[in-house]
Amino acid sequence: MVQDETARAIELRSPLLRVEQVSKHFPGVLALQDVSLEVYPGEVLGLVGENGAGKSTLMKILSGVYQPDGGQITLDGKPTVLHSPRQAQDLGISIIYQEFNLMPNLSVEENVFVGREPNTGKFVRWRELRRQTEQLLDQLGVQLHPGAIVRDLSVAEQQMVEIAKALSLNARLVIMDEPTSALTDTEAAALFAIIRGLKERGLAVIYISHRLEEIFTICDRVTVLRDGQLAGELPLAEATPDRIVRLMVGRPLGDLFRPEEAERRLEALAERSQAPVLEVRGLGRTGTVQDASALVLEDVSFSLRPGEIVGLAGLVGSGRTEIARAIFGADDYERGEILVDGQQVRVRSPRGAIHLGIGLVPEDRKLQALVLSLAIRENLGLSMLDRLSRFGIVRLGAERALARRMVDALRVRTPSIEQKVLNLSGGNQQKVVIAKWLALHPKILIMDEPTRGIDIGAKTEVHGLMHQLAADGVAILMISSELPEIVGMSDRVLVMRKGRIAGELARRDTTQEAIMALATGVANTAVAAA
Amino acid sequence: MTTETGAVAGTVAPEQTKRRFDPIELLGRFAPVIFLIVLAVIFTSQQPAFASEQNFWFLLRQNFVYGILAVGMTFVILTGGIDLSVGSVLAFAGLVAAAVAKGSNWRDVGNPDAGGTAVLLAALAAMAVGAGAGLIHGFAIAKLKVPAFVVTLGGLAAWRGAAQVMSQGQPINKFSDDYRYWGSQFIGPAPVPVVIFAAFVITGYLALRFTTYGRSIYAVGGNPEAARLSGLNTTGLIMSVYVISGFCAGLCGFLLTSRLGAAEVVAGQGYELIVIAAVVIGGTSLFGGEGSILGTLVGTLLIGVLNSGLAINNVNPYFQPIIIGVIVVLSVYLDQLAKRRRRG
């Protein structure tokens, strides 16, 4: 009903922003070709497309970072040239990037009004600054102290600071790039409430996301880009996930997670009932960099059998990544023991873990997994240099053969194995990370957010690989914040809360609601999951 | 720079990124070589003797110390580190070498050392002192996590101080012919220290290009966390590059003493900046992960050619640092320009 009203209201109004036939070339690539769209005041326009479809280029054009080669941008009915980010900002266009542009060492209020503090000539009027900041935060309905230092805030809170900053700039169009990628479901729900608030106040929002369910939750219309071109535009009433996906990838996709694979695997596992390849008993660690008494992990016990995919779910900060890093020897643990093939082991370094047949696909591929300045070949060889060398000399022939084999097997799209990883798209980078570990033939593979930030096509391929690995007998521990992924892929699910395992769900009992109930400790999670 | 910079990195990109001729990209990539050739041509046109074989060897002999130090420095900078202590370590190691060669009465400037094995011991002592100093630096940097800039700034002061304490302000001179051989004799037409320099360049080049060690150095410099999570011993690797740099400085201490016939407190003063300039001009990134020994060789030769060419043309020597400073900034700027071009 709400959507109908909006639709009617939109017809009456003229668009805030109109983009007509905009094109942008880069050397060797046509990034955008004749793309047109309109945004009306008081609406949320969803912008979707695979990586490389042109979303970021379009966004950078709207924010004045890039100049289009052709086409026209009209703001309030007036043709406008956006020649700098500053000018776009002055015209009321604010962008909230995935990686925030905040100064972590400054307070909330200083960040919101940076460069524009209320002042008396040379001096900042601190009390006025605080009053204005409080007002903005109130408008957003956010409980935040204006004096809090941004570094100490959660990702969700930092995002609120960004939004407050946009409001303080009198933004009329707010563009959000994957705003929920680092949020928990509860935090995302809070963000949606704020977006609805912005809408009611007549602001226009362009919402970029990979997560289709969010598009359906928050958007009024959807614009789909594919290969730099407009693939389609749909009012939400006419959109279905299937239709959007078909527009995005240009072909229909079956069930994303191929549940039949998991079912088949469960049967096979039940028949074999093998001994666990990994057992974790009573793992515990206390103390973080910020807080020496914080409980990071407590009494974590579970096991993994060969050929099994176990999902590890929980809110961000619940200890999922910490478990992965402890097993892999990246961080130390204080209590408990780890057994590999029934033998107690003490893993002191990633090097030691690799020797035991454990692999880790870390959560952040750019910061933790890849050397961007090196070629695909060199990245692939990195974790197995000792196997690829003789007397300390790298056997380049063997390394090239390995790289070619892995690039073919995982269908990494690249002109050559000598391509620097920097030049690959996110999905292809992730495939290189996974390939690096596959080449080692691990017995146990821990995958932390294996499909974060990659497009649907690549995602399906990664999931296919995981099924394949499990079929080959690898035990996989998959950490994911995407509940559909956890539900779709896992043979069973461990749910963490506050450093402990809150519960375990068998595949037949696994639903998003059940996971959220365990993760939040709230029995009725209808609100949180909505 | 981040996620999907303008879709250039997108799925449509790879097949189409056929390299076209881009003069600015090429200029940026080969800037140091081009500079080197242009300078050589200019100096030769003004003074034909510049291109003579004699001047060639002379030029190399003038610059072997910078060259050897720069090979060690390249390893350090490739990991994203820096070594400001090389000049001071060089001076201290030179004094130690002289003292070891002369034995118990090393303050006696009247008599030369005994030659023979004494010289060998002196060289070994200098290398050991250098490597030891590097080990201390490396330990503080890799294990204690003190920034490399700070540790080696401390080293810059402390090793010079150690040299002063040891020498008490007096140079040590008068050495045997055996001792002088390593710095001032020839093998065929080539000065001995230049042959040693060449050996360092070749070894460094092969090590970085073809060994697992070299690959690991690039990985640690490019992304230390990814390197660690790939099973590399990052702490050990980082320590090792300071040992290499210290070793080079130690050996240079001996060679310079041998060449000059004197071990002095002021030896190698200010060399760290020239050496870092040579490495940076050669295209090695101060952020680590990118660069090569061949680049460093070109950077060293560029500085050498510049110094000698200006001297031949009777240019006031005080202009040299100004010109080198400008070239450092310019070559890094052109390098950045080329990289931006390549990425679109």
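Is there a residue being within 30 Å of B:Val100 (Cα to Cα) and either in contact with a strand residue (DSSP E or B) (Cβ under 9 Å, 6 or more places away or on another chain) or at pLDDT below 95 (or both) anywhere in segment B:290-306? Within segment B:290-306 (the criterion being within 30 Å of B:Val100 (Cα to Cα) and either in contact with a strand residue (DSSP E or B) (Cβ under 9 Å, 6 or more places away or on another chain) or at pLDDT below 95 (or both)), the answer is no, since none of the residues qualifies. With respect to the stated conditions, A:Leu102 fails to be open to solvent by less than 30 Å² (accessible area, probe 1.4 Å), not in a loop (DSSP other than H, G, I, E, B) and not charged (D, E, K, R). Quick one: would you say A:Pro450 is away from chain B (no Cβ under 13 Å) and closer than 25 Å to A:Gly329 by Cβ? Spelling it out, A:Pro450 is indeed away from chain B (no Cβ under 13 Å) and closer than 25 Å to A:Gly329 by Cβ. Taking each residue of segment A:366-378 that is more than 8 Å from chain B (Cβ to nearest Cβ) and looking for partners that are among the acidic types (Asp, Glu) with beta-carbon atoms closer than 8 Å, six or more apart or interchain, yields A:Ala375/A:Glu418; A:Ile376/A:Glu418; A:Arg377/A:Glu399; A:Arg377/A:Glu418. Among the residues of segment A:479-515, how many are open to solvent by less than 10 Å² (accessible area, probe 1.4 Å), more than 19 Å from A:Ser181 (Cα to Cα) and of a type in the set (D, E, K, R)? Adding up the residues that qualify gives 1. Is it fair to say B:Gly261 is surrounded by 21 or more Cβ atoms within 10 Å (Cβ to Cβ), more than 25 Å from B:Gly155 (Cα to Cα) and of a type in the set (Gly, Ala, Ser)? In short, no. Applying the criterion of being touching a helix residue (DSSP H, G or I) at 6+ places or on another chain (Cβ under 8 Å) and in contact (Cβ under 8 Å) with a residue 60 or more places away in the chain to the residues of segment A:461-478, the residue that is surrounded by the fewest Cβ atoms within 10 Å (Cβ to Cβ) is A:Ala471. Which one is most open to solvent (accessible area, probe 1.4 Å), of the residues in segment A:298-348 that are touching a residue at least 12 places away in the same chain (Cβ under 8 Å), of a type in the set (Lys, Arg) and away from every other protein chain (no Cβ under 14 Å)? Among those that are touching a residue at least 12 places away in the same chain (Cβ under 8 Å), of a type in the set (Lys, Arg) and away from every other protein chain (no Cβ under 14 Å), it is A:Arg335. Filtered by the rule that a residue be under 19 Å from the mean Cα position of the chain (by Cα), open to solvent by 80 Å² or more (accessible area, probe 1.4 Å) and not polar (S, T, N, Q), segment B:183-205 gives a lone residue, B:Ile202. Looking across A:Gln159, A:Gln143, one residue alone is over 19 Å from A:Val39 (Cβ atoms) and surrounded by fewer than 22 Cβ atoms within 10 Å (Cβ to Cβ). It is A:Gln143. Evaluated against (1) basic (Lys, Arg); (2) within 22 Å of A:Gln158 (Cα to Cα); (3) at the interface with chain B (Cβ under 10 Å from one of its Cβ atoms), A:Arg86 falls short on exactly one condition, (3).
A single entry from A:Leu102, A:Leu47, A:Leu62 fulfils the requirement of being at pLDDT 90 or above, farther than 14 Å from A:Glu20 by Cα and not β-branched (Val, Ile, Thr): A:Leu47.
Is it the case that segment A:436-454 has a residue that's under 24 Å from A:Thr184 (Cα atoms) and in a helix (DSSP H, G or I)? Checked segment A:436-454: no residue is under 24 Å from A:Thr184 (Cα atoms) and in a helix (DSSP H, G or I). If the condition is being more than 8 Å from chain B (Cβ to nearest Cβ) and surrounded by 19 or more Cβ atoms within 10 Å (Cβ to Cβ), then segment A:354-365 contributes A:Leu356, A:Ile358, A:Gly359, A:Val361, A:Glu363, A:Arg365. Checked against (1) at pLDDT 80 or above; (2) part of a helix (DSSP H, G or I); (3) surrounded by fewer than 17 Cβ atoms within 10 Å (Cβ to Cβ), A:Val527 passes all but a single condition, namely (1).
Taking the residues in segment A:388-411 that are touching a residue at least 12 places away in the same chain (Cβ under 8 Å) and open to solvent by 40 Å² or more (accessible area, probe 1.4 Å) as candidates, determine which candidate is farthest from A:Gly427 (Cα to Cα). By that ranking, first place goes to A:Arg400. One residue alone among A:Ala294, A:Ala270 is open to solvent by 40 Å² or more (accessible area, probe 1.4 Å) and either within 20 Å of A:Ala326 (Cβ to Cβ) or in the same structural domain as A:Glu485 (by TED's automatic domain parsing) (or both), and that residue is A:Ala270. Do we find that A:Gly473 is in contact with a Gly (Cβ under 7 Å, 6 or more places away or on another chain) and more than 14 Å from chain B (Cβ to nearest Cβ) in this structure? Yes.
Taking the criterion of being open to solvent by 10 Å² or more (accessible area, probe 1.4 Å) and more than 9 Å from every other protein chain (Cβ to nearest Cβ), the residues of segment B:210-252 that qualify are B:Pro224, B:Thr234, B:Thr235, B:Gly236, B:Leu237, B:Ile238, B:Met239, B:Ser240, B:Val243, B:Ile244, B:Phe247, B:Leu251. Taking segment A:156-249 as the region of interest, the helices (runs of 4 or more DSSP H) fully inside it that hold 2 or more residues being modelled with pLDDT of 85 or more and basic (Lys, Arg) are A:185-200.
The values are calculated or read from the model by the stated rules, or taken from the named source; none is laboratory data. Just so it is clear, the model here is predicted, and its values are computed rather than measured. Positions of Cβ are backbone-derived with ideal geometry, glycine not excepted, and every protein chain shown enters the neighbour counts. Areas reflect the complete protein model, heavy atoms only, side chains present, ligands, DNA and RNA absent. Shrake-Rupley method; radii C 1.70, N 1.55, O 1.52, S 1.80 Å.
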